[in-house]
1. What is the packing order of peptides 229-237, 618-626, taking the mean over residues of other C-beta atoms within 10 Å and listing the highest first?
2. How many angstrom lie between the Cα centre of the range 420-488 and the Cα centre of the range 193-231?
3. Peptides 290-299, 337-346, 87-96, 150-159: what's the order by average Cβ count within 10 Å, highest mean first?
4. Between the alpha-carbon centers of the range 15-65 and the range 314-346, tell me the distance in whole angstrom.
5. For residue 253 and residue 740, compute 0.36 nm times the residue count separating them, minus their Cα-Cα distance, and round to one decimal in nm.
6. Rank these for me by crowding, 741, 197, going from fewest to most other beta carbons within 10 Å.
7. How do 16-24, 179-187 rank on mean C-beta neighbours within 10 Å, highest first?
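Just so you know, all these numbers are worked out from the coordinates, no wet-lab data involved. As the structure is a prediction and not an experimental result, all values here were calculated from the model. Every residue, glycine as well, gets a Cβ built from its backbone with ideal geometry; the counts of neighbours run over all protein chains shown.
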């Protein structure tokens, strides 16, 4: 991007042009009074942001106009949303107040703008508090009253992502990670597929640029193929539709880069093996009562012309997605041997598919009651969010995690013995279902009859299962339940149970501990309790109070612990009484040479002798693009920037990001690993060893090979100096005859 050179006259003309373009789009769905309010909002925003510029150098007013344009042109929202989009940064960035907004534009506009205004004056007295999470919680509080808050927020984020090039690299990483962690699943849940795909692609561009541009280049190379294949695929269908008297608009699209990459990871396949890169859409106009019939007629025409894959058929007509998405999908083989996904839908379905619940909300905004079924979907989803907001758990990070679970789109339908249907997220267990019916059922659940067969509480449910919950008065929630329940309500109910139990435990523990302290002539102060807690070497406060109540921590033991005179003696004593040394699995071990030379990373020029550890979830090695996070003990934890755990951290604790890069010229070996798969044959192991030890002179830590039905799988752990060396090794091993796949061991992508 070239340097922006301000030109005030040109900028003024541009502002007027952009505003007129906005009016042209919003004109058909507004009356004279609404346009007057839009004009007033535009003038106020222009005056409020006068002289302020974005990081790119452009006038700031370009941004709110662009957000308003996205709201009306890409989301089909109406006048109220446009007004709020124009004013969304006024209260946050200028001297105008919410009271000013309320006086000028009314209560509804003021409420929405309040939801869009970040929390800036939060008193952070705990280093684990995430300001980002607190802001997201505020968005949800506002959204539970008016869903337009999140729709405008998505429009705001989309424009920010489109102009992210102007930001410094650290900000790009933070904003991109936040986008993929929070905004992408939100857009998905709301059915804003075009916006979801664009946000996801932009996020990947900054968090995983290597893979992004690699796939982009491959798509560019296949442009010519698509240019000839798609018209040839469509032509016979078009002729058949004309003969059948069906008029349909036909468009084609290419799968988004992020969707292609996610499928490659999920299926563990190469780019060339992603068979639904190309898609064709047929959209027709008809009365609603004829929609299903026409969809199936087009489906049969395609099946008569091309070989199809029945396993890839998707009927979202009779079973719409929770966000109201309806369409009929069929995957057909083109004459060139390429699979093509075909989507068949009416114009009404297409609007919902493209605009999601935003399109539905536009009807409500215009005074229409809209689709009753969509209304119910929206209300059910908002109800789940309100339930989370009503939780006693005030921690914003836990709240954010639960809401992200609530964003999950894939659902199954489960039935009670009486035939009542309950929608559950894919992967939900018997216990999740019990809690979905009633908290008391969940607390006392010991199992269920699933399709008349006795099953345990952790059994995952399938679509169409009939479930009868079995309870016992002697059953109560267990800590291990949190390991397998996935629904926010189940997790929240279990945590609430233990929170209440913990409060009782702490109260009982304090009474008993005070008695011990009195008998030992020790002052019962917060300082002394903390000293004892540290000296006891328990892993958590919960474990400490449990040890007091269970009398594992006896009066005599307390006397010994509290008699330790100084910090050095305390540390030595803790080392003596420590009964466990946690071992790490091999793929989390890092070569001890790393600890000998702790300056393998340069963290700007201001940092020297930084203590750091390499994250064991993604095992970065020299050459990987990395990012560091400062943790409580001043260490730096280093991740690959594409690691999901890093993305989650950047989205929640962006203020802890440390710019990180590898020191050049360091000759340090790092433990890394690769997965191997191929057909077993005599001599293949020797060829592998020749490549590793003779040709590349690498040191092997371990090699595990298993063979079954003439196919072998293996894990190779070895010491590597850089990504370049590792990639070279992988390439060499792939050339071995009958070697099917060689992949780096990284983070879990399932």
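1. Values: 229-237: 16.8, 618-626: 21.7.
So the order, starting with the most tightly packed, is 618-626, 229-237.
2. 41 Å
3. Numbers: 290-299: 17.4, 337-346: 20.8, 87-96: 19.2, 150-159: 24.4.
Per-residue mean Cβ counts within 10 Å order the peptides as 150-159, 337-346, 87-96, 290-299.
4. A separation of 39 Å, based on Cα centres.
5. Working: separation 487, 0.36 × 487 = 175.32 nm, distance 3.16 nm.
Using 0.36 nm per residue and subtracting the Cα-Cα distance, I get 172.2 nm.
6. On the way: 741 16, 197 19.
Arranged by neighbour count, lowest to highest, 741, 197 become 741, 197.
7. Values: 16-24: 14.3, 179-187: 24.0.
Put in order of decreasing packing, that is 179-187, 16-24.
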